[in-house]
Each structure stands twice: as structure tokens, then as C-alpha cells.
Amino acid sequence: MSLDNATAPPARRIQIDGGPSFTAASDDVLLRAALRAGLSLPYECNVGGCGGCRFELLEGEMATLWEAAPGLSERERKRGKRLACQSQPLSDCRIRVRLDDSEPAAALRPQRVQARLLARRPVTPDMTEFTFGIDGALPDFWPGQYALLHLPGVPGARAYSLSNLANGAGQWQFVIRRVPGGRGSAAVFDLPLGAPLELDGPYGHAHLRASEREVVCIAGGSGLGPMLSVARGALAESAESGQAQRRIHFFLGLRTQAELGAAQEVQALADPRLTLHTVLSSPEPQADGTGWTGATGWIHAEVERVLGPQLDRYDFYFAGPPPMVEALQDLLMVRHRVPFGQIHFDRFC
């Protein structure tokens, strides 16, 4: 949680070498302070795993919150590289970093807000939809973005993707999988209704873009959440802005029939423009002797089989476990040479 304003040390001034300056609150990390100031520092996961927010400290003092963060190699550490998402300024500083000009100039600035858990709803045996209500001013977010949850008893923040659309009710929803041994997901599932916590967001580059191309959403496991948000956003486009009505091809990769509650979440969108393709990687025989009659195998293979060879006709959005993301990158970027501007995903480790 934020420190009380009366006792918080003064903000730090951060100068980007050869560029603009900004201030960082005493309890904020470098990356998020820059984004709140409207500066596009490069990043992806925001929690130390990807290494996208590397920078160099030229002057001043910073604390490193996670010394062993996997986003940096030992070689990079020895060369003086740091992660902006794990660096907390302790004094005025000068840094060297290349700003990211790939994001629109009007990118939403993340905010730190107080929220309470309003509701929880099971989706599958190990995934639940959590609804949080925002206290006070309502920050906006784009379909497909994520937020950081500061959970009681858990050091650092945990990144979870939003599953709904921004709304006047100030409700942010997340579909979260309980990970065996995971401190973050355990803390979320243990939250009692009404429990307060701090949300920080929105973040993420894999948000829905305006386009005339049809949309392909690919979800594996808890990647269901952000893909639901993207699909909802695409379905809402024509009603809100007069844009052409785009078709949505939704590919959902699950393990067994026990997880088909996730497919029901997509089916509940109930729009003729959306087509759902569900693939099970490990279907199980049923007690009555029947079995799964739908597609089986890997989700990226089903995408190629259904959509055919001309994949550059589509805009792709995907979220899921790292092996799925890597297989889709190979399929789209290497094998089919889909333009990078039509491929949108956030790298979570």
C-alpha cells in the first residue's frame, strides 16, 4: 500500500539521459513512475520476468527489490544493467534508456487505486472470476490490458489480465487460475468478500487495436481472461464507434472436459460474429463410454488448420502458457510471416 502522504519521503527527480525528466514517488518503482508520467519506457511483464525494461543507472542510488529476477542474466548484471520494474529510486537519478515509440501517444496512464473484492464466481475447477470494485475515481483501461494486484502477505505485485470492459460501475474483473504452490494465486483465492487491496493499472501492449481485419483470439488456460476482454471489445466496436463489424475467431485450448466451463464463458457472448473453436490436449474417456468428439491436440495447429495458409489477413491476439505463446510466435512470425503489427501478446513467465 502507499505510504501516508504526511510521512512519505519527497519524490525523486529522474532524468533520462538526452531526454525528458519525471518524478518518482518514494514508494514507487522506476518503470511505473515513468508510465504514470506519460513516458513510454519499454516493458512487458512488469514483474521481473521478461527483461523488457532494462536500463542503466548513470548517477544516483536505487534499491533493487528482487536481486535474482530472471529478467536479467548474470552477464547483464555485471555490465550494470537493471530492471526498471524492480528498481526503486532512493535519490535523484540519471538513467540511460531508449523510450518505446510503438505505443500510441495517448496511452492510458496507470493509476494506483484502492479496491475491494465484490464477488467471486467459479469458471472451471481451478479458475475463478474475481470482481473488484474501485473506490473513488474510475481509471479507464483498454480490452486486453492487465493490472497489478498488491496482495496481503505477498511481497511484490502480481500481474493479472482483465477479462471485462471498462465500465461506469468501476468494476475490474479477472479470471485467475489457482496455481499449486503459488503464493499469489493462493492469496487471491483466500481473500474474503469485502477485503481491501491496492490495484495498479492498466498496463500492457496487447490491447485491442482498431482495424478492418478480422480478429483472432487464442487463449490457453487462464489466458481466457484477456481474450474475453478483447472479444468483448471487438464486438462493442460497431455499436460505439460506427466501425465495420468485424468477425472474431476464438480458439480456446484446454486440457480435459473438466475445463469446459471456460468454453461456456465464450459461448455466453452469444454473437453471430463470433465463432468458437475448442481444442482439448488430453481428453479423458467418460464413465458412460462416450468421449470428446471435438478437436484434439495443440491449439496452434488448429489455428493453422481452420484459418488456412493466408494468416496475414487477420489480427492476432493471444495469451496463455509460455510453450503455447512460443509455438504461436513460430507459426505466425517465422512460418507465415504475418506482419509484427498484427500480432499482439504480453509475455508472462
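Values in this text are rule-based calculations from the coordinates and carry no lab data. Model, not experiment: these values are computed from the prediction. Neighbour counts run over all protein chains shown; Cβ positions are idealised from the backbone, glycine included.
For segment 237-349, the spread of Cα coordinates along the three principal axes comes to 48, 35, 29 Å, biggest extent given first.
Using +1 at the Cβ of each Lys and Arg and -1 at the Cβ of each Asp and Glu in the chain, identify which of Pro9, Ser21, Leu280 lies farthest towards the dipole's positive end. Value computed over the given set: Ser21.
Distance between the C-alpha centres of segment 307-349 and segment 10-31: 35 Å, rounded to the whole angstrom. Taking the Cα centre of segment 111-203 as origin and assigning +1 to Lys and Arg Cβ atoms and -1 to Asp and Glu Cβ atoms, the resulting dipole is close to 220 debye.
Taking every Cα-Cα distance in segment 111-203 and sorting them into 10 Å bins starting at zero, the pair-distance distribution P(r) comes out as 17, 56, 26, 1 percent. The H on the amide N of Phe251, modeled in the peptide plane, is under 5 Å from the matching H of Cys217, Ile218, Ala219, His277, each at least 5 residues off or on a different chain.
Counting charges near Glu74 (Lys, Arg +1; Asp, Glu -1) among other residues having Cβ under 12 Å from its Cβ returns a value of +3. Charged neighbours of Ala258, selected by a Cβ distance under 10 Å, balance to -2 (K, R count +1; D, E count -1). What is segment 12-96 by shape, rounded, prolate or oblate, if you read a ≥ b ≥ c off the alpha carbon gyration tensor as root eigenvalues and call it rounded for a/c under 1.5, prolate for a/b larger than b/c, and oblate otherwise? Since a/c reaches 1.5 and a/b is larger than b/c, the shape of segment 12-96 is classed as prolate. Summarising the amide proton neighbourhood of Ser21: residues at separation of 5 or more, or on other chains, whose placed amide H is nearer than 5 Å comprise Ile16. Working note: Debye formula, equal point scatterers on the alpha-carbon atoms of the chain, no solvent; log10 I(q)/I(0) at q = 0.13, 0.14, 0.16 Å⁻¹ is -1.07, -1.22, -1.50. With the dipole of segment 46-153 worked out from charges on the C-beta (+1 for Lys and Arg, -1 for Asp and Glu) around the Cα centre, which of Pro122, Gly60, Ala107 lies farthest toward the positive end? Going by the charge dipole, the pick is Gly60. Of the trypsin sites (Lys or Arg not before Pro) found in segment 318-349, the ones in coil according to DSSP and having at most 12 other Cβ atoms within 10 Å of their Cβ are Arg337. Secondary-structure-derived ellipticity at 222 nm for the chain, considering helices only, amounts to -5000 deg cm²/dmol, per-run term -39500 (n - 2.57) for DSSP H runs with n ≥ 4. Given all pairs of different Cα atoms, what value in angstroms does the Kirkwood hydrodynamic radius of segment 65-178 take? This gives a value of 17.1 Å.
Loop-located trypsin sites (Lys or Arg not before Pro) across segment 244-298 with a Cβ neighbour count of 13 or fewer within 10 Å are lacking, with loop assigned by DSSP. Annotation for segment 160-246: GluC sites (Glu not before Pro) lying in DSSP loop with at most 15 further Cβ atoms inside 10 Å of their Cβ are Glu212.
Charged side chains reduced to their Cβ positions (Lys and Arg at +1, Asp and Glu at -1) give the chain a dipole of some 480 debye around its Cα centre. For Asn164, the residues whose amide H sits under 5 Å from its own are Gln173, ignoring neighbours fewer than 5 places away on the same chain, with H placed 1.01 Å from N.
When only Cα pairs below 8 angstrom with a gap of at least 6 residues are kept, the chain shows a relative contact order of 14 percent.
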